[in-house]
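**Q** Before anything else, here's the structure in question.
Each value in this text was obtained by applying a stated rule to the coordinates, not by laboratory testing. None of these values were measured; they are calculated from a predicted model. Every residue, glycine as well, gets a Cβ built from its backbone with ideal geometry; the counts of neighbours run over all protein chains shown.
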Amino acid sequence: MGRPTASSKAPAKSKAPSKDKDTSSGPPPKKRTRVEATSGSHSGKGKQVASSFTGAQPQERATREYGIKSVPPYGRAFYRKCRTDSYLPDFAVDEHKLKSRYPKIWEKVHELGLGFVFKNPGEANLSLMREFCAGWNIEDKEKLVPIRGRLIDISATALCRFVDAPDVPCNPLCDFIDRPTYRNNRHTLCGVNSNVVWTRDKRYNTRTSLPKVKFTKIAKVWLCLVNARLLPYEHDSVVVRKRVCQVYFLMKWWPVNVGQLICSQMAKSRKGKLNRIFFVNMLTQYLRKEQVDEEPQFDMLLPPTSRATDITIIRWLDDEDDTTLTTSERQDRDESVLPHLYGMMDL
């Protein structure tokens with residue numbers, strides 16, 4: 001008998017009994033919705049949820065009445081370009097510190113009718129200001145701005161009446177800015193013995209600015225007052241000719257037209273020459289006085305600023321004198337120093 005040989009085929013493995021699906025009964029079962037799944041829970045709260053879904057009525061969304069659709073066509077490009085960080089809030093001037101440190105300046109500010117710089121400007125409506133600046137046509141000679149179905153007078157006389165400032169003629173200041181007395185401006189702001197040089201424009205060969213570091217203490221305080229409320233600006237290391245003339249007028253105690261200054265500064269912002277929009281708090285209060293409609297649910301409000309600006313804080317050393325050396329004194333000083341230098345070189 002021969003040896004038994006191993007079979008070439010392995011025994012088949014036992015398979016698990018398959019669960020046959022009943023496909024002949026009809027279409028496949030549908031998926032349950034969230035409401036049906038909740039209704040089948042054991043707690044019994046699903047019926048309440050389902051009933052709340054079926055009984056709820058759609059709420060009406062509030063629609064904005066104003067905005068870009070109320071802006072004239074010529075101002076919609078400015079409206080789209082205007083951003084939230086473009087607005088610079090107004091800050092009141094600290095009256096107590098100015099009165100205690102510079103009482104003469106405080107008296108002259110009230111005599112010139114500029115007492116509004118010490119008042120809190122209130123809150124600002126940025127959405128209202130955005131539509132106001134967009135609807136302002138600078139070329140309009142009547143100075144009327146359409147905003148939310150109304151025409152607002154933006155003339156210098158109306159603004160002076162609002163801030164309770166004297167409505168003086170603006171021609172003297174404008175003519176002085178065009179043709180200033182450069183030497184008198186320099187002596188008044190920088191001292192009689194100052195020999196500071198005006199910065200000239202290379203293209204037009206005109207004097208454009210003075211360095212702030214050469215100003216006297218009194219001139220720097222007046223400049224801070226101008227930069228705070230009259231002609232707001234962020235950078236003042238170099239003072240342009242318009243601000244120099246403005247400070248010169250105030251130091252000479254000559255009245256200025258505040259409304260004309262506000263209009264000129266806002267016109268620059270409207271033309272795009274400035275990156276900021278100023279007087280937002282004050283003009284918001286002016287528009288509210290004119291009873292312009294507001295939308296509390298859509299308008300963006302800026303709360304009033306609580307802190308006041310201290311214009312008496314200036315960079316000045318205690319041992320620094322207001323006057324500087326004249327040309328003859330400087331030559332005498334150089335002649336006394338040069339012999340010592342040449343003597344040291346001979347050694």
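**Q** How far is it, in nm, from the label point at GLU290 to the one at ASN275 when both lie 7 Å from their Cα along the line to the Cβ?
**A** Once both label points are built, they end up 3.0 nm from each other.
**Q** Let me ask something else about it. Testing the spin-label approximation: label points 7 Å from Cα along Cα→Cβ at PHE298 and ILE314. State their distance in nm.
**A** Label at PHE298, label at ILE314, 4.8 nm between them.
**Q** I would also like to ask the following. Just how many pairs of Lys in the range 127-240 have C-alpha atoms closer than 28 Å, counting pairs that are eight or more places apart or on different chains? Walk me through the numbers before you get to the answer.
**A** Working: LYS202/LYS212; LYS202/LYS214; LYS202/LYS220; LYS212/LYS220.
Number of lysine pairs found: 4.
**Q** Checking the a/c ratio against 1.5 first, then a/b against b/c, what shape does the Cα gyration tensor give for the range 201-266?
**A** oblate
**Q** Another question about this same structure. What residues have an amide H closer than 5 Å to that of VAL239, excluding those fewer than 5 places away on the same chain, when H is modeled at 1.01 Å from N in the peptide plane?
**A** LEU210, LYS212
**Q** Would you mind getting me the FRET efficiency between CYS174 and VAL196? Use the beta-carbon distance for r and R0 = 35 Å, nearest 0.05.
**A** The calculated FRET efficiency here is 0.90.
**Q** For the range 64-155, rounded, prolate or oblate, judged on the Cα gyration tensor with a ≥ b ≥ c (square roots of eigenvalues), a/c < 1.5 rounded, else prolate if a/b > b/c?
**A** Prolate, since a/c reaches 1.5 and a/b exceeds b/c.
**Q** Where nothing but the Cβ of Lys and Arg (+1) and of Asp and Glu (-1) is charged, how large is the charge dipole of the range 176-273 around its Cα centre, in debye to the nearest 20? All intermediate terms of the calculation are to be shown ahead of the outcome.
**A** Details: 20 positive and 4 negative charges, 54 e Å.
Rounded to the nearest 20 debye, it is 260 debye.
**Q** Rounded, prolate or oblate: which fits the range 102-194, taking a ≥ b ≥ c as square roots of the Cα gyration tensor eigenvalues, rounded meaning a/c under 1.5, else prolate when a/b beats b/c?
**A** prolate
**Q** Out of residues 5 or more away from MET300 or on other chains, whose amide H comes under 5 Å of its own, with H placed 1.01 Å from N in the peptide plane?
**A** LEU126, SER127, LEU128
**Q** Then there's this: For the range 232-314, max minus min Cα coordinate along each principal axis, in Å, sorted largest first?
**A** Principal-axis extents of the range 232-314 (Cα, largest first): 47, 29, 26 Å.
**Q** Calculate, for ALA267 and ASP332, the FRET efficiency according to 1/(1 + (r/R0)^6) with r their C-beta to C-beta distance and R0 51 Å; round to the nearest 0.05. Could the numbers behind the result be given before it?
**A** Numbers: r = 51 Å, r/R0 = 0.99.
Result of the calculation: an efficiency of 0.50.
**Q** Oh, and also: How big is the C-alpha Rg of the range 164-295 next to the rule-of-thumb value 2.2 N^0.38 Å, as a ratio?
**A** 1.16
**Q** Could you list which residues have their amide H under 5 Å from that of TYR87, counting only those 5 or more apart in sequence or on another chain, with H placed in the peptide plane?
**A** When sequence neighbours closer than 5 places are left aside, the close amide H contacts are ILE277.
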